[in-house]
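The structure under discussion appears below in the form of structure tokens.
The values are calculated or read from the model by the stated rules, or taken from the named source; none is laboratory data. Just so we're clear, the structure is a prediction, and the values are computed from it rather than from any experiment. When we count neighbours, we look across all protein chains shown, and the Cβ atoms used for this are built from the backbone with ideal geometry, even at glycine.
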There are 4 protein chains.
Amino acid sequence: MAKLNWGMIGGGEGSQIGPAHRLGAQADGNFVLAAGALDVDAEKGRAYAQSLGVAADRAYAGWQEMLDGEKDRTDRVDLVTVATPNSTHFEITRAFLEAGFNVLCEKPMTMTVEEGEEIVRVAEASGKICAVNYCYSAYPMVREMRQMVKTGQIGKVRLVVANFSHGHHGDAGDADNPRVRWRYDPAMAGVSGQFADCGIHALHMAGFIAGDEVRSLSADFASTIPSRMLEDDAMVNFRMEGGTVGRLWTSSVAIGRQHGFDIQVFGETGGMRWASEQPNQVFYTPVGGRTQIMEKGEGGLSDEATRLSRVAIAHPEGFPLAVANIYVDLAAAIRGETRDALPFAVDGLRSMAAVYAAVDSAKADGAWVDARPPILR
Amino acid sequence: MAKLNWGMIGGGEGSQIGPAHRLGAQADGNFVLAAGALDVDAEKGRAYAQSLGVAADRAYAGWQEMLDGEKDRTDRVDLVTVATPNSTHFEITRAFLEAGFNVLCEKPMTMTVEEGEEIVRVAEASGKICAVNYCYSAYPMVREMRQMVKTGQIGKVRLVVANFSHGHHGDAGDADNPRVRWRYDPAMAGVSGQFADCGIHALHMAGFIAGDEVRSLSADFASTIPSRMLEDDAMVNFRMEGGTVGRLWTSSVAIGRQHGFDIQVFGETGGMRWASEQPNQVFYTPVGGRTQIMEKGEGGLSDEATRLSRVAIAHPEGFPLAVANIYVDLAAAIRGETRDALPFAVDGLRSMAAVYAAVDSAKADGAWVDARPPILR
Amino acid sequence: MAKLNWGMIGGGEGSQIGPAHRLGAQADGNFVLAAGALDVDAEKGRAYAQSLGVAADRAYAGWQEMLDGEKDRTDRVDLVTVATPNSTHFEITRAFLEAGFNVLCEKPMTMTVEEGEEIVRVAEASGKICAVNYCYSAYPMVREMRQMVKTGQIGKVRLVVANFSHGHHGDAGDADNPRVRWRYDPAMAGVSGQFADCGIHALHMAGFIAGDEVRSLSADFASTIPSRMLEDDAMVNFRMEGGTVGRLWTSSVAIGRQHGFDIQVFGETGGMRWASEQPNQVFYTPVGGRTQIMEKGEGGLSDEATRLSRVAIAHPEGFPLAVANIYVDLAAAIRGETRDALPFAVDGLRSMAAVYAAVDSAKADGAWVDARPPILR
Amino acid sequence: MAKLNWGMIGGGEGSQIGPAHRLGAQADGNFVLAAGALDVDAEKGRAYAQSLGVAADRAYAGWQEMLDGEKDRTDRVDLVTVATPNSTHFEITRAFLEAGFNVLCEKPMTMTVEEGEEIVRVAEASGKICAVNYCYSAYPMVREMRQMVKTGQIGKVRLVVANFSHGHHGDAGDADNPRVRWRYDPAMAGVSGQFADCGIHALHMAGFIAGDEVRSLSADFASTIPSRMLEDDAMVNFRMEGGTVGRLWTSSVAIGRQHGFDIQVFGETGGMRWASEQPNQVFYTPVGGRTQIMEKGEGGLSDEATRLSRVAIAHPEGFPLAVANIYVDLAAAIRGETRDALPFAVDGLRSMAAVYAAVDSAKADGAWVDARPPILR
């Protein structure tokens, strides 16, 4: 199969997420990096792109130049990844969609609900793919959990308990560190800190596995380091459309938790739990029975799990390959196959609506509020 | 040292908690079972007490008879354990305290806040010990955590996250099982189901370790099995007097969790976590450092932890010996030593106030309410 | 049921194993400490016994005095526990058996194979119980594993892999510490260090679970701290009578392992593993299937496991209650019931034969040698 | 940096190891697949290579054709990976080395010690890189352990305990399955089954971390499924040049173990353990201190660990990226940097010598034999 052409905006030298995308796009041989506007510093970006093998005329100074340069090429990029600072996602994603490109946007897709709604509309109008990088949902065993719910293996889902807590912002002495500070500064981070940063991964996964969507929520936010203007710890209770109860805790001051993203899903006839630090296993318990350890790569798993696993049972696959799985599905979708487990623009919109709802609820002392975007009510 | 005389009310043949108390009281040779009114069926209770070595004239038909029989003896029991159905705790505990006995009462100490306040008053007036069996607080490593907070090893406590969730009531088909049903029936269980049953253990421990008390809370209750009149799943957010943020999740429908009582305590300079299924370890992380595995019995622990451990490091000690530790401390307190880590009547009262506060909050859609008993505001 | 009278030799104030025996004998109300010769210092021993409730005339100055004092009493002790220094076990155990007492002897039962054979003969002639405190075999889930093998749930046992390794003697600077040194000094410890101290627990358990006995073995001993005259690390390969292959590693210099006693049993149709630091679970895997987590106290376990568990599922029970389980079974056996899972004198003898065989093999560069006691070949 | 040209022999459609190599070589953008002879079926191989982007004239029918086609090109491949059936590794590797290519050979590098010695000589003469794919040694935390030993953090290494055991060949009914059977058939697998297949990974890692080499060994082999001509379970005791004691257990009938490759390293002042199923952590214990959990990506690790980690702390990286790390180091070495932690031909040779030594020892009832290749004695 011919490789697809891939373009990247942001993710330049020294960025955290850039390497994960490059590895993700190239690991399975689906994409070749054909164009890029990798850095806000135009020259640095052009040089870096070329060092990665991009031809000089496709190593762009900025995203607008890239849009102009690519849109009329016959070998234009098949997919654009947007990995720029959060506040620019909306504008870039919209522009590329409008020009008929497929886009993978880093989260958060937008800074407001209105922007999110616009992306959804633009994506629909364009007929192109607009995906959002909720990459944890592409772990094979997370896909397996979703299939287990879908096929009724745990019955109706009663309860979802999700956590995404770490302690890497727990040092008050670090509060002025620019890598940390911006996340709690409304001028840069928007209306929410930790919930918008990490919590929405967990919220997306809750809906993803349960096969349902959040309808209403009640939030309790805290800035446990008092100098912070935005929350560094949040608890969000929610209800899904089908009545499922949800509990979501997210924190950045949970010293000792490293990457504490885990989820428990409890249904009428069984329960499951998964943790991102050991992503290749699911602990599944049928009601009245023993807990069983399910392994990535074991026989009998769903096709969704099996086709996203590259090596044999108990050979761990980690975070970069979860990102790669997003690209595997994007490549398939671009080539015309159906990949409905991909996180799309509507998921990015729902997240943004949930963030604003949580902020409103927290300000209103935990009052229950509608968590749905207006156009989806 | 002469053994202390011990009397037991309830906990007869076939009861779950009876054996734990008998083992707890006798394991370390502090108490000898000298009197008992073990069963609501007087004859059965008298026979069973005698089979356990109680003299015929101290094998009583009921608690009133025991009170009458013991109160004027010179060798009267030094401690009475009340392990009867919940609704009778108040009356029995009050009566024995008023007659000058030391009492260990099973939780919940009372069914209402007012009763709780009365027990506190009566206990104070009597000058006797009134303890409540929050036995998890007597695990050596839980005591260690309390000492670590007290001595500043994790700095000011910012956040406590406690869970007490299991899945043993997760089978809807079991809803009519009398061993399960009563817990969700207000006629028998009172105003709260799972929170009053398990959650208050976690709430007590949060305060116990943090060295602080809950001031206000906001609750979300759910009956995920719809036939239930009381909650089988609850989330309670709280704030302590000193500002510590609290999160407490408790559930009885978390299929796959067996005895999921665990707690995480996060301070300015470190974090700790403990889980009741592996009670002999604490995972401690200094801010910016590596997680360390602390072991019961290791060198350098506090006296509170060391004196409650019987066997060498990594030889596990379990639940029955946590109960036994309550008796170890009670024996010491009866003999005149100070044992301020024991859970006393005031702790039983605070729990009851928190239960009512949570019920009120849940009914008011999560409104924040005062969680303190009126006499302690 | 009337309590049984219990006598103890050794285990005085400050001993490690004494408290475990006292708790074990008394926890379930089967035994009352009626007589004792607790200390090599006669006065200290008598005083301590009385402080534990022993009558003055049964607080003996030494084991011979106790034998004389007890043997003609009508209320003589029903069971004598021998918890003295290793080199005295043989003489005391033999004397009490010959006088018609039931005996529980600490391990090692004797210092030589010949002594072991004599104990077996004397015990048989006496018609009394002579048990050896291989207490790990009395954990409920270890009993369950034995039953699973017996009932064919994992098919014929192909392979047993057992480890008993810790790191508490890993500090060379500690080599002169008297609490450590004696274990590696032939004058006090006999022919073997770590294998005789810890390894034989693992070897006993291998036979106990597999329902088979070691026939031959090959050993590799090392003194990784060169000043030691006896081994601090040993590997023993063995074959059982039925052909099962065995691997046993034991070490006292495995820094970081605390109480690393674990066992894996692999049969034709399944595998199981258990670890003493988490003794309430067994991980069981049917061939071709998923690993299942079995819990002490779950429904459907064997009677052997169920009757030795005191509290509900996932309420951990630990080491002292495993010792207590030995006493539970001893009480039953004394009262006339069959308790064939108890470790008896023959097991103590087999251990001693294995120790000598391992020493011989290690000296002969790992040559395979017969591991059976002569009288059992 | 310009990409390096990479060629692959074997690893065609449906192979297990092929995808891991392709991902490994391409994940970090160092190599581009420029040539290949991927399949024993020439047409299938050529078609598959072209589907992966190889130009038609470099999609070869076989390795000899590839050698002929590449050797005179100015853009000849910079590295050849040999992932063909075991018995062909020697011939192909030798031929490419002799023609001046760098080679990465799958393990086992050869089938005999003599062949291994020849590869070492040829590689030396060629001045080219000949690496062997002991990919586990390229996990960041394994590299960290090696550095810890090298810098004296655990003192002199006393003891290494390594296991590589799984249960995937535990079903006797599967013994005729061709995917399983060949491994126990001397005609195809050579002199050893499980030890040659998995054990040598563990043996290599023992030397790799300890910074030492095996000098002598004693082995016990068993065919627990009797129809097998080669061992499916083996225990190997060894001594390193510096006196370190080694224990290595490997099994393919350990039902319930999935990919049980783990290692424990014990020195004078500390111990460490690592397990391949959780490869991003090391448990490190300083003598007399608490166990610390080290995490891939934490601050303060060695450069060896840091430069092989792609994503932040506690974002797991798995097996395919360990293979990728081999390619990262190969790319650096080809570009002229020093990468002495790569496994080279001499390591492949040592493994083969150890396999033959173990076979000899097992046949001689565990006699200790020299494990070194003749040219390295």
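Filtering the stretch B:139-172 to residues that are of a type in the set (Val, Ile, Thr) and within 14 Å of chain A (Cβ to nearest Cβ) leaves B:VAL149, B:ILE154, B:VAL157, B:VAL160, B:VAL161.
Residue by residue through the stretch B:56-93, note down the ones that are in a helix (DSSP H, G or I) and hydroxyl-bearing (Ser, Thr, Tyr). Break it down stepwise before answering.
Here is the first cut: in the stretch B:56-93, the ones in a helix (DSSP H, G or I) are B:56-58, B:63-71, B:86-93.
B:SER87, B:THR88, B:THR93, listed by residue number.
Taking the stretch B:94-122 as the range and being surrounded by fewer than 24 Cβ atoms within 10 Å (Cβ to Cβ) and part of a helix (DSSP H, G or I) as the test, the residues that pass are B:ARG94, B:ALA95, B:GLU98, B:VAL113, B:GLU114, B:GLU115, B:GLU117, B:GLU118, B:VAL120, B:ARG121, B:VAL122.
So is D:ALA2 closer than 30 Å to A:ALA20 by Cα and at pLDDT below 95 or not? Walk me through how you get there before you give the answer.
Values: closer than 30 Å to A:ALA20 by Cα: yes; at pLDDT below 95: yes.
So D:ALA2 passes the test.
Among the residues of the stretch D:1-17, those identified as of a type in the set (A, V, I, L, M) and assigned to a strand (DSSP E or B) are D:LEU4, D:MET8, D:ILE9.
When D:ALA2 is tested against (1) surrounded by fewer than 24 Cβ atoms within 10 Å (Cβ to Cβ); (2) in contact (Cβ under 8 Å) with a residue 12 or more places away in the chain; (3) within 13 Å of chain A (Cβ to nearest Cβ), only condition (2) is not met.
Being of a type in the set (Val, Ile, Thr), at pLDDT below 95 and either over 14 Å from D:ASN163 (Cβ atoms) or outside the structural domain of D:ARG228 (by TED's automatic domain parsing) (or both) is the requirement here; does D:VAL311 meet it? So D:VAL311 fits the description; yes. Of all positions in the stretch A:215-228, none carries a residue that is of a type in the set (Phe, Trp, Tyr) and under 28 Å from B:HIS169 (Cα atoms).
Would you say C:ARG143 is crowded, with 22+ Cβ neighbours inside 10 Å, touching a strand residue (DSSP E or B) at 6+ places or on another chain (Cβ under 9 Å) and more than 23 Å from C:MET188 (Cβ to Cβ)? Answer is no for this residue. Being in contact (Cβ under 8 Å) with a residue 24 or more places away in the chain and over 19 Å from D:ALA162 (Cα atoms) holds for only one residue in C:ASP197, C:ASP174, C:ASP220, and it is C:ASP197. Residue under question is C:SER309, and the condition is that it be in contact (Cβ under 8 Å) with a residue 24 or more places away in the chain, buried (at least 24 other Cβ atoms within 10 Å of the Cβ) and either over 30 Å from A:ALA314 (Cβ atoms) or touching a strand residue (DSSP E or B) at 6+ places or on another chain (Cβ under 7 Å) (or both); does it hold? When the stated conditions are applied, C:SER309 does not pass them. When the criteria are applied in full, D:ASP78 meets the requirement of being within 23 Å of D:ASP329 (Cα to Cα) and of a type in the set (Asp, Glu). Here C:VAL82, C:VAL54 are screened, and the one residue that is in contact with a Cys (Cβ under 8 Å, 6 or more places away or on another chain), modelled with pLDDT of 95 or more and buried (at least 16 other Cβ atoms within 10 Å of the Cβ) is C:VAL82.
Within the stretch D:226-243, the set of residues being more than 10 Å from chain C (Cβ to nearest Cβ) and either of a type in the set (Ser, Thr, Tyr) or assigned to a strand (DSSP E or B) (or both) comprises D:SER227, D:MET240. Scanning the stretch D:254-275 for residues that are polar (S, T, N, Q) and either assigned to a strand (DSSP E or B) or more than 22 Å from C:GLY288 (Cβ to Cβ) (or both) returns D:GLN264, D:THR269. Taken together, B:SER351, B:SER302 contain a single residue that is away from every other protein chain (no Cβ under 13 Å), over 30 Å from A:ASP370 (Cα atoms), buried (at least 23 other Cβ atoms within 10 Å of the Cβ) and of a type in the set (S, T, N, Q), which is B:SER351.
Of the residues D:GLY36, D:GLY10, the single one that is away from chain A (no Cβ under 13 Å) and either in contact (Cβ under 8 Å) with a residue 24 or more places away in the chain or surrounded by fewer than 18 Cβ atoms within 10 Å (Cβ to Cβ) (or both) is D:GLY10.
May I ask you to list the residues in the stretch A:308-348 that are away from every other protein chain (no Cβ under 13 Å) and of a type in the set (Asp, Glu)? First the steps, then the outcome.
Going through the stretch A:308-348, the residues away from every other protein chain (no Cβ under 13 Å) turn out to be A:326, A:329-348.
Within the stretch A:308-348, A:ASP329, A:GLU337, A:ASP340, A:ASP347 meet the criteria.
Scanning the stretch D:244-291 for residues that are farther than 18 Å from D:SER137 by Cα and more than 9 Å from every other protein chain (Cβ to nearest Cβ) gives a single hit, D:SER252.
Is the stretch D:18-30 home to any residue that is of a type in the set (S, T, N, Q), within 14 Å of another protein chain (Cβ to nearest Cβ), part of a helix (DSSP H, G or I) and in contact with a helix residue (DSSP H, G or I) (Cβ under 6 Å, 6 or more places away or on another chain)? Checked the stretch D:18-30: at least one residue is of a type in the set (S, T, N, Q), within 14 Å of another protein chain (Cβ to nearest Cβ), part of a helix (DSSP H, G or I) and in contact with a helix residue (DSSP H, G or I) (Cβ under 6 Å, 6 or more places away or on another chain).
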